[in-house]
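Heads up: the structure comes next, in structure tokens.
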Amino acid sequence: MNPEFWFTEKYSETCGFSLKVKEVLETKESKFQRLDILDTYDFGKVMLLDGLIMLTERDEFVYHEMITNVPLFSHPNPQDVLVIGGGDGGTVRELSRHTYLNSITEVEIDEIVVNAARKYMPFVGCGYDNEKVNLIIGDGIEFVKDKEDAYDIIIIDSTDPFGPAEGLFSGEFYSNVKRALKDNGLVVAQAENPYYDTKWMMRSVNNMRKAFLDKVECYLAYIPTYPSGMWNFAIGYKDKAPSLSFEKERYEKLQLKFKYYNDSIHKACFALPEFVKDLLKQKT
Ligand code: SAM
């Protein structure tokens, strides 16, 4: 292996993020996307889809703790959770720690992602070891079309809005998601970043706003290997605003050990910098 082998994810024509690579562990192509698993010096194992970083061993905990625990501790009594995407297993791993849940369903379109995570990334792939997790290989867009009043929480853990994931950012999809949610249900989606290609962030937020009649909040987490390091999540709600809801009793009873999320972060993550607030004023 060339000791000077570097991987660069380009954020624009003039800016990017680079990692020195120890070894390429796997390269595979499905009808949906190309997958690479790298072993790197600074961030351990890295999964790429179509050349973009999906997760790294060193900082995946931030994304997975924040996409699951914020909605779970905002909801008064979550029982049935649906994950769309999330094929690496990190999200269902986090959900599995909430042992009171009745069902955890994941709809992932591409089996090669699940297989690679289980083989090379057991720190997330272990999510599939819990027998409560029902993994369905299929298209999440199709899956929600005929669902009604079925889930307390829906988590959209998708790739960027290209190829099979493009429809996961659309207005029609969010309307179907709303119908699939029970009365006080919540949807959370990874919603890109406020520095590069901000149109994707705003498309996702505004389509969610249309479906949820403006009952949408955004929260941020700090993830070094995602573009800009500042990641946005959009959360749509039917009843009480997540920024004002925190299930303290359940949080204290469960005594879960986190590396990023905690009760203070639950409130603080909804505090947005001025430039993000300005961006969120854009309604198109
Ligand atoms: N944490 C990651 C990020 O934000 O970069 C996303 C992780 S996860 C690997 C994203 C998954 O969404 C991929 O495995 C991809 O196959 C899946 N996906 C994309 N479009 C989908 C669709 N229409 N239905 C179900 N899964 C989909």
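Could you grab me the full set of residues in the range 34-80 that are polar (S, T, N, Q), in contact with a helix residue (DSSP H, G or I) (Cβ under 8 Å, 6 or more places away or on another chain) and either under 20 Å from Pro227 (Cα atoms) or not in a loop (DSSP other than H, G, I, E, B) (or both)?
So the first thing to find is which residues in the range 34-80 are polar (S, T, N, Q), and the list is 40, 56, 68-69, 74, 77, 79.
Keeping just the survivors that are in contact with a helix residue (DSSP H, G or I) (Cβ under 8 Å, 6 or more places away or on another chain) gives 68-69, 74.
Thr68, Asn69, listed by residue number.
Could you tell me which residue of the range 100-128 is nearest to the ligand (Cβ to nearest atom), considering only residues that are assigned to a loop (DSSP other than H, G, I, E, B) and farther than 21 Å from Leu25 by Cα? Even if it seems obvious, please write down each step before you answer.
The initial filter retains those residues of the range 100-128 that are assigned to a loop (DSSP other than H, G, I, E, B), namely 100-102, 109-110, 121.
Filter once more, so that each one left must be farther than 21 Å from Leu25 by Cα: 100-102, 109.
Numbers: Tyr100: 25, Leu101: 20, Asn102: 22, Ile109: 4 Å.
For the range 100-128, the residue satisfying everything is Ile109.
In the range 183-223, how many are within 13 Å of the ligand (Cβ to nearest atom) and not aliphatic (A, V, I, L, M)?
Looking only at the range 183-223, we keep the residues that are within 13 Å of the ligand (Cβ to nearest atom), and these are 188-193, 200-201, 204, 221, 223.
Pick out the ones that are also not aliphatic (A, V, I, L, M) and you get 190, 192-193, 200, 204.
The qualifying residues number 5.
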Residues located in the range 157-170, provided they are out of contact with any Leu (no Cβ under 8 Å at 6 or more places or on another chain), in contact (Cβ under 8 Å) with a residue 12 or more places away in the chain and either open to solvent by 30 Å² or more (accessible area, probe 1.4 Å) or assigned to a loop (DSSP other than H, G, I, E, B) (or both) = Phe162, Gly163, Pro164, Ser170
inquiry  = Go through (1) in contact with a helix residue (DSSP H, G or I) (Cβ under 8 Å, 6 or more places away or on another chain); (2) in a helix (DSSP H, G or I); (3) more than 12 Å from the ligand (Cβ to nearest atom) for Asp149 and report which single condition fails.
reply    = (2)
ask   = Just for the range 120-134: of the residues that are closer than 30 Å to Thr40 by Cα and without any contact (Cβ under 8 Å) to a residue 40 or more places away in the chain, which one is surrounded by the most Cβ atoms within 10 Å (Cβ to Cβ)?
value = Gly127
task = May I ask you to verify whether Phe173 is over 21 Å from Val70 (Cα atoms), within 12 Å of the ligand (Cβ to nearest atom) and of a type outside the set (S, T, N, Q)?
result = yes
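Please indicate, with yes or no, whether at least one residue in the range 277-284 is in contact with a Ser or Thr (Cβ under 9 Å, 6 or more places away or on another chain) and over 26 Å from Asp183 (Cβ atoms).
Let us first name the residues in the range 277-284 that are in contact with a Ser or Thr (Cβ under 9 Å, 6 or more places away or on another chain), namely 279, 282.
Still in the running and over 26 Å from Asp183 (Cβ atoms): 279, 282.
The answer is yes, given that some residue of the range 277-284 is in contact with a Ser or Thr (Cβ under 9 Å, 6 or more places away or on another chain) and over 26 Å from Asp183 (Cβ atoms).
Would you please name the residue that is farthest from Val24 (Cα to Cα), looking only at residues in the range 46-72 that are more than 14 Å from the chain's Cα centre (by Cα) and buried (at least 22 other Cβ atoms within 10 Å of the Cβ)?
The initial filter retains those residues of the range 46-72 that are more than 14 Å from the chain's Cα centre (by Cα), namely 46-52, 57-58.
Still in the list and also buried (at least 22 other Cβ atoms within 10 Å of the Cβ): 46-47, 49.
On the way: Val46: 10, Met47: 10, Leu49: 14 Å.
Among those that are more than 14 Å from the chain's Cα centre (by Cα) and buried (at least 22 other Cβ atoms within 10 Å of the Cβ), it is Leu49.
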ask   = Before we move on, is Lys267 in a loop (DSSP other than H, G, I, E, B), farther than 20 Å from Glu192 by Cβ, in contact with a helix residue (DSSP H, G or I) (Cβ under 9 Å, 6 or more places away or on another chain) and touching a residue at least 24 places away in the same chain (Cβ under 8 Å)?
value = no
ask   = Inside the range 38-89, can you point out the residues that are free of Cβ contacts under 8 Å to residues at least 60 places away in the same chain, more than 8 Å from the ligand (Cβ to nearest atom) and farther than 21 Å from Gly16 by Cβ?
value = Gly89
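The values are calculated or read from the model by the stated rules, or taken from the named source; none is laboratory data. Model, not experiment: these values are computed from the prediction. Don't worry about glycine lacking a Cβ; one is built from the backbone with ideal geometry, like all the others, and counts go over all protein chains shown. Quick note on the areas: whole protein, heavy atoms, side chains included, nothing else; ligands and nucleic acids left out. Shrake-Rupley method; radii C 1.70, N 1.55, O 1.52, S 1.80 Å.
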